[in-house]
C-alpha cells in the first residue's frame, strides 16, 4: 500500500489528473464509507470548517483515488497558485511527510513569467515553508526540493513540480488540451501530456524524450492479476 499527494491550482487540473489516474487503474472515492482511513483526518467534520467561522462556499478536502492494490492518490485543489504551498503544508503536517511515496505540485506557467522564473518563485515559497516548519519543530521537515521542473528520479523524496504545459513554455492546462488532436483524445493508451511533449518535439524537429509530468511517476500502474 502506498500513498501519493498532488496539489493543483484548480478543479479542472484535478479532473485532468483524475482521468490520468483512471487510465492507470484507479477509481475515485465517492462516499465516506469508501474513504481510506489514511485520508480521513483531512475530511472536515464540521461547518464552518475554520475557527474564524467563515461561511465558505467550497469545503476543501482531497479528491481520493484508489486502485485494487489499495494504493491511493489524494489530489488537493489549492484554489489558486498563491495557495499551493499552504495546501501542501496541511496534509503533510496531519498525515506525516514520511507517509507519502510521492509528492507533486502542478501549476500553470503564467504569461507574466518565464518557466524558470515561475519555478524559482514556487521553490522560494517552499524554502520559506521549510524554514517555518523547522522553526516550529514540525516532524519531517525540511523537505528535499528539486533544482528543476519535470520528472522526479525514482526513489527520490524530492517534491515533483510540473509546470503546464511542458515545463518549458508559458501556458496552462488549457494549452495542452487545445493542442490535442481529436484522434488522440480517443486513444487513451497515449497520455495527453506525453503526446503533447513528443508532438511538439517533432514540430520543432528536435530529439526530445517524452516528459509525462510527475503524475506518471507518482501514480504507479496497476497490473491486473
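Descriptive notes on the structure:
- Residue 15 paired with residue 147, simple spin-label distance in nm, labels 7 Å along Cα-to-beta-carbon: 3.9 nm
- Centre-to-centre, using Cα atoms only, the stretch 116-155 and the stretch 64-96 are separated by 15 Å.
- Contour minus Cα-Cα distance for residue 128 and residue 54 (0.36 nm per residue): 24.0 nm
- Between residue 111 and residue 83, the modelled label-to-label distance comes to 2.5 nm, taking each label 7 Å out from Cα in the direction of the beta carbon.
- Kirkwood hydrodynamic radius of the stretch 1-113, Cα pairs, Å: 14.8 Å
- Most to least packed among 34-42, 158-166 [average Cβ atoms within 10 Å]: 158-166, 34-42
Bear in mind that the values in this text are calculations on the coordinates, not laboratory data. No experiment lies behind these values; they were computed from the predicted model shown. Don't worry about glycine lacking a Cβ; one is built from the backbone with ideal geometry, like all the others, and counts go over all protein chains shown.
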